[in-house]
Amino acid sequence: MTNKHPKTRHPDTTVGNVLSPWPRDGEAARESRRRFLRQMTGMGGALATGLLPGMARAEGFAVAHGYQPAYPAEFMQFQYVNAAAPRDGELALAVFGTFDSLNPFVLKGLAAAGTNNLLFDTLVVRAWDEPFSVYGLLADRLEVAEDGLSATFRIHPAARFVDGRPVTAGDVVFSFETLVGESAHPRYRYYWVDVEGAQALDERHVRFRFKRRNPELHLIIGELPVMSRDALESVEFADHSRAPLPGSGPYVVESVNFGRDIRYRRRDDYWARDLGVRQGMFNFRELTFKYYKDETVALEAFKAGEFDVQHETNSKRWARAYNGQAFSEGKIRRREIPHQNNAGMQGFAMNTRRALFADRRVRRALNLAFDFHWSNIHLFYGQYRRCESYFSNSELACDGLPTGKERALLEPFRAQLPAALFERPHTVPFAPTPGIQRRNLVEAQRLLHEAGWDLHDGMLRNADGEPFAFDIMLAQKGFERIVAPYAYSLRRLGIDVSYRTIDVALYQRRMNRFEFDMTVVSFGQSQSPGNELREMFGSESAHREGSRNYCGVDHPAVDAMIDAVIYAADRESLVTACRALDRVLLWDEYLIPNWYSGAHRVAWWNRLAYHDEPLPKYFNAMDWILQTWWQTRAEPQTGPVVNDVTHYSKE
C-alpha cells in the first residue's frame with residue numbers, strides 16, 4: 001500500500017523551549033532525523049519488527065483486520081498536528097460534576113479529569129486518522145509469536161518516570177498485575193480476560209501470554225498504562241487516592257482543590273517530547289480543569305472568560321445561547337467540526353434486572369411511546385439523527401435481513417431469538433405525523449395487554465393489581481426538558497413515571513450498583529470493536545458491580561456474537577459478527593434509542609488555535625483539544641467573524 005503521508009520537515013531547530021536533535025533545513029535535516037530514529041530503534045514510528053527465533057513479523061497494526069498503517073517507521077508527526085505549534089501558554093477547561101480521587105484505576109471515588117491520559121504513558125498509541133493502527137511510545141518494538149499466543153514488547157531505552165527512574169519491564173508486569181488484581185477497577189481484568197499473564201524477560205523485554213489466539217489482543221494490551229513499581233508496590237493501591245500516582249506522561253499535578261479544580265504542569269524533562277507520536281502535541285505549559293455542577297452556570301462562566309473552550313452537547317444551548325458581545329466581536333469563535341466516529345448507541349436504558357422490564361414486549365411498548373421526530377424538531381432544532389444501531393454511523397450496523405455468514409452465526413440460537421429477527425428487518429419506531437404516533441401508542445397498548453398489563457381506573461396494572469410505575473434517573477438538568485414529553489406519552493398509556501436529576505456522585509454510585517429503573521446511557525464504539533463489548537453486553541458483566549452492562553444483558557446469543565467479533569480472523573468476519581450482534585441487541589429492545597450528531601460542537605476564545613487541514617477522522621473532542629491545540633502567539637483577532645455553524649429552524 002502506498003503511503004499517503006509524505007514526511008514533513010521539522011520547521012525549526014526549536015519548538016518553544018524544546019531542543020530538536022536534528023538540523024533545520026533540507027535533505028541534511030531529513031537524513032539526520034532518519035539516523036536519529038534508527039539509532040533509537042524506530043521510536044515514535046510504526047512498531048519495529050526485528051524478529052527473534054520463533055517469532056512472526058508484527059507490523060504494529062491489526063493485520064487480521066486488513067489494515068496497513070498509514071505512517072512509515074520514521075514518520076515525523078501525525079498529519080493532524082502542527083509540529084511548529086508554540087509550546088507555551090495555559091488552557092482552562094470545564095468539567096461537569098465533582099471529584100474526590102486522584103486514582104483513575106479503582107472503583108472507589110470519582111477520579112479527577114486528566115489523571116489517566118496526562119500522567120501515564122502506554123506501550124503504544126493509536127492514530128486518529130486510522131481505524132486501529134498503533135505506534136510505539138513506551139515500547140519501541142513488538143514481536144508476536146507465530147502461534148499468536150504471546151507478544152513481546154521492548155521498552156524504549158529513554159523512557160523515564162517523573163522521578164527520573166527508567167521504565168522497566170518489571171514496571172509493566174507490576175502495572176498489569178495491579179490492574180487485573182482485586183484492588184483495581186474490575187473493568188481491567190475483564191477487558192484483558194484473555195491475557196494469561198506477563199513476564200519480564202530482562203530489564204527491557206516484557207512478554208504477555210494469551211489464553212487463546214486473538215487478532216487484536218497484542219494491540220489491546222499495548223494500551224496498558226504503566227505505573228512505577230518502586231513507588232507503589234508497598235502501598236495499598238485501592239486506598240491510594242489523595243496523592244498523584246507517579247507516571248511517565250507529559251504532565252504532573254501542580255495543585256488540587258478537591259471537588260473544585262485540578263491544575264497540571266507540563267514536564268520540561270518529558271522523555272518522549274521529541275518522538276514522532278508526540279510532535280505537535282501537549283502544547284500547553286499549564287492545564288486546569290474547573291468543575292461546575294450546573295451547565296448553565298458553566299456556559300456563563302465560559303462567556304466571562306473563566307475557561308477557554310466549550311464542547312457543547314446540548315442542542316438548545318448551541319442554537320440559542322452562544323451569542324453576546326464576545327461572539328459578535330469575534331473574540332469567541334464556534335464551529336461544528338465533522339468527524340467519522342462510530343456513533344455507537346445512546347438511549348433510555350431499561351434495567352432488565354427489574355421484573356418490570358423483564359418482558360421484551362413491555363420494552364418494545366416503551367420504545368413505541370417515544371416520539372423522536374417531534375423532539376428533534378421542537379427540542380433539538382433538527383440537529384440530530386436517530387440512533388438505529390449499536391454501531392450508528394458505521395459499516396458495522398445491521399441492515400435488511402440476516403443472510404450468508406451472518407445468518408449462519410445466528411442460526412444456532414434461533415430458539416432463543418425472536419422469530420421475526422429472521423423474517424423482517426428491525427425498525428426503530430418513527431412517527432413523522434401525529435397520526436402515526438397515535439398508531440404507535442395503540443400498538444404499545446396492545447403489547448402491554450399481551451404482557452399482562454391493562455388499564456384500571458386510568459392506571460396500568462397487572463393481574464395482581466400492582467401499578468406500572470418507575471423512575472427515570474438523570475445526572476444532567478438539561479435532560480429534564482427531553483424526558484418531559486416522553487413521560488407525557490407514557491402517562492397516556494396509564495404508566496406512572498417520574499423523573500429527577502440527582503447529584504453526580506450519587507448518580508455514579510447508583511450506576512455502579514445498578515440501582516435505577518431507567519436512565520440515559522451511551523455506548524461509544526470504536527471503528528474496530530473488541531474486548532470492550534464484554535464489559536457493555538456480556539453475561540458475566542451483567543451482575544458485576546462497576547461494569548458498563550447497565551441494561552443487564554444476559555443472553556447466550558449476545559455472548560457468542562461478542563466472541564465472534566473478538567476472534568474474527570479478518571475485517572470481513574468482524575463486520576459480519578458486529579452486524580449479527582447489533583441485530584440481536586436491537587430485537588431484544590434493551591433501550592429506547594436516542595440520537596447522534598456527525599460533528600463536535602466547539603466554541604473557543606480566539607487566542608487558541610488548532611490544525612484544521614486535515615482534521616482527524618476518529619477522535620474524542622476533549623482529547624483532541626488537550627493534545628493538539630495551542631495558544632497562538634499572534635494578537636487575538638477582533639471584529640465580526642462568520643462562525644462556521646449550521647443554522648437550524650423548526651420548519
If we keep only residues of region 184-198 that are surrounded by 16 or more Cβ atoms within 10 Å (Cβ to Cβ) and more than 18 Å from residue 548 (Cα to Cα), then the residue farthest from the chain's Cα centre (by Cα) is 198
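Scanning region 230-257 for residues that are hydrophobic (A, V, I, L, M, F, W, C) and assigned to a strand (DSSP E or B), which turns out surrounded by the fewest Cβ atoms within 10 Å (Cβ to Cβ)?
To start, the set of residues in region 230-257 that are hydrophobic (A, V, I, L, M, F, W, C) comprises 231-232, 235, 237-238, 243, 245, 252-253, 256.
From the residues that got through so far, the ones that are assigned to a strand (DSSP E or B) too are 252-253, 256.
Values: 252: 16, 253: 19, 256: 18.
Only one residue fits best here, namely 252.
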Please give the number of the condition residue 262 fails out of (1) more than 17 Å from residue 123 (Cα to Cα); (2) outside any strand (DSSP E or B).
-> (2)
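Given the options 391, 380, name the one that is under 23 Å from residue 432 (Cβ atoms) and buried (at least 18 other Cβ atoms within 10 Å of the Cβ). Working first, answer last.
Details: 391 fails: under 23 Å from residue 432 (Cβ atoms).
Testing whether each residue is under 23 Å from residue 432 (Cβ atoms) and buried (at least 18 other Cβ atoms within 10 Å of the Cβ) leaves just 380.
Let's see how each residue does on (1) of a type in the set (A, V, I, L, M); (2) loosely packed, with under 14 Cβ neighbours inside 10 Å:
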site	(1), (2)
462	no, no
466	no, yes
485	no, no
492	no, yes
504	yes, no
For region 531-552, enumerate the residues that are under 17 Å from residue 574 (Cα atoms) and within 13 Å of the chain's Cα centre (by Cα).
-> 532, 533
Answer from 396, 410 - the residue that is touching a residue at least 40 places away in the same chain (Cβ under 8 Å), among the aliphatic types (A, V, I, L, M), outside any loop (DSSP other than H, G, I, E, B) and more than 24 Å from residue 437 (Cα to Cα) | 410
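Working carefully through the options 596, 610, find the one that is buried (at least 18 other Cβ atoms within 10 Å of the Cβ) and touching a Cys at 6+ places or on another chain (Cβ under 6 Å).
Numbers: 610 fails: touching a Cys at 6+ places or on another chain (Cβ under 6 Å).
Sole residue among the options that is buried (at least 18 other Cβ atoms within 10 Å of the Cβ) and touching a Cys at 6+ places or on another chain (Cβ under 6 Å): 596.
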Given (1) in contact with an Asp or Glu (Cβ under 7 Å, 6 or more places away or on another chain); (2) assigned to a loop (DSSP other than H, G, I, E, B), index of the condition residue 215 fails | (1)
What about residue 589, is it crowded, with 23+ Cβ neighbours inside 10 Å and under 22 Å from residue 402 (Cβ atoms)?
-> yes
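Can you pull out the residues in region 338-347 that are more than 22 Å from residue 483 (Cα to Cα) and buried (at least 19 other Cβ atoms within 10 Å of the Cβ)?
Of everything in region 338-347, those that are more than 22 Å from residue 483 (Cα to Cα) and buried (at least 19 other Cβ atoms within 10 Å of the Cβ) turn out to be 339, 341, 342.
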When both residues are 6+ apart or on different chains and their Cβ atoms are under 6 Å apart, which pairs have a first residue that lies in region 585-603 and is at positive phi, and a second that is modelled with pLDDT of 95 or more and in a helix (DSSP H, G or I)?
-> 589/360; 589/363; 589/364; 589/367
Taking interchain pairs and intrachain pairs at least six residues apart, which have beta carbon atoms under 7 angstrom, with the first residue in region 275-293 and assigned by TED's automatic domain parsing to the domain that holds residue 158 and the second β-branched (Val, Ile, Thr) and surrounded by 20 or more Cβ atoms within 10 Å (Cβ to Cβ)?
-> none
Across (1) closer than 30 Å to residue 311 by Cα; (2) modelled with pLDDT under 95; (3) touching a Phe, Trp or Tyr at 6+ places or on another chain (Cβ under 8 Å), residue 571 clears everything bar (1)
In region 103-117, residues that are surrounded by fewer than 22 Cβ atoms within 10 Å (Cβ to Cβ) and within 25 Å of residue 628 (Cβ to Cβ) total 4
Condition met for residue 479 (surrounded by 14 or more Cβ atoms within 10 Å (Cβ to Cβ) and modelled with pLDDT under 95) | yes
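Only one residue in 561, 536 is aliphatic (A, V, I, L, M), part of a helix (DSSP H, G or I), without any contact (Cβ under 8 Å) to a residue 24 or more places away in the chain and crowded, with 20+ Cβ neighbours inside 10 Å, so which one is that?
Details: 561 fails: without any contact (Cβ under 8 Å) to a residue 24 or more places away in the chain.
Only one candidate passes the filter, namely 536.
So which of 178, 98 ends up being more than 19 Å from the chain's Cα centre (by Cα), at pLDDT below 95 and either of a type in the set (S, T, N, Q) or in a loop (DSSP other than H, G, I, E, B) (or both)?
Working: 178 fails: at pLDDT below 95.
Step by step, each of 178, 98 is checked, and only 98 is more than 19 Å from the chain's Cα centre (by Cα), at pLDDT below 95 and either of a type in the set (S, T, N, Q) or in a loop (DSSP other than H, G, I, E, B) (or both).
Kindly provide the set of residues from region 613-625 that are charged (D, E, K, R), touching a residue at least 40 places away in the same chain (Cβ under 8 Å) and either more than 19 Å from residue 278 (Cβ to Cβ) or surrounded by 20 or more Cβ atoms within 10 Å (Cβ to Cβ) (or both), ordered by number.
Taking region 613-625 first, the residues charged (D, E, K, R) are 613, 617, 623.
Filter again for touching a residue at least 40 places away in the same chain (Cβ under 8 Å), leaving 617, 623.
Passing the criteria: only 617.
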Listed residues 203, 196; which is outside any strand (DSSP E or B), of a type outside the set (Val, Ile, Thr) and at pLDDT 95 or above?
-> 203
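State which residue is farthest from residue 373 (Cα to Cα) when the search covers only region 408-445 and only residues that are polar (S, T, N, Q) and either surrounded by 18 or more Cβ atoms within 10 Å (Cβ to Cβ) or in contact with a Gly (Cβ under 8 Å, 6 or more places away or on another chain) (or both).
Applying the first criterion (polar (S, T, N, Q)) to region 408-445 yields 416, 427, 433, 437, 440, 445.
This time we only want the ones that are either surrounded by 18 or more Cβ atoms within 10 Å (Cβ to Cβ) or in contact with a Gly (Cβ under 8 Å, 6 or more places away or on another chain) (or both), so: 437, 440, 445.
Values: 437: 10, 440: 13, 445: 20 Å.
Here the residue is 445.
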Take region 121-146 and flag every residue that is in contact with a Pro (Cβ under 6 Å, 6 or more places away or on another chain) and either in a strand (DSSP E or B) or crowded, with 24+ Cβ neighbours inside 10 Å (or both).
-> 122, 133
If we keep just the residues of region 329-374 that are assigned to a helix (DSSP H, G or I) and touching a strand residue (DSSP E or B) at 6+ places or on another chain (Cβ under 8 Å), which is farthest from residue 589 (Cα to Cα)?
-> 372
Can you confirm whether region 348-371 contains a residue that is modelled with pLDDT under 95, surrounded by fewer than 16 Cβ atoms within 10 Å (Cβ to Cβ) and within 21 Å of residue 491 (Cα to Cα)?
-> no
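The values are calculated or read from the model by the stated rules, or taken from the named source; none is laboratory data. Only a predicted model underlies this, so the values are computations on that prediction, with no experimental measurement involved. With ideal geometry, Cβ positions are generated from the backbone for all residues, glycine too; neighbour counts draw on all protein chains shown.
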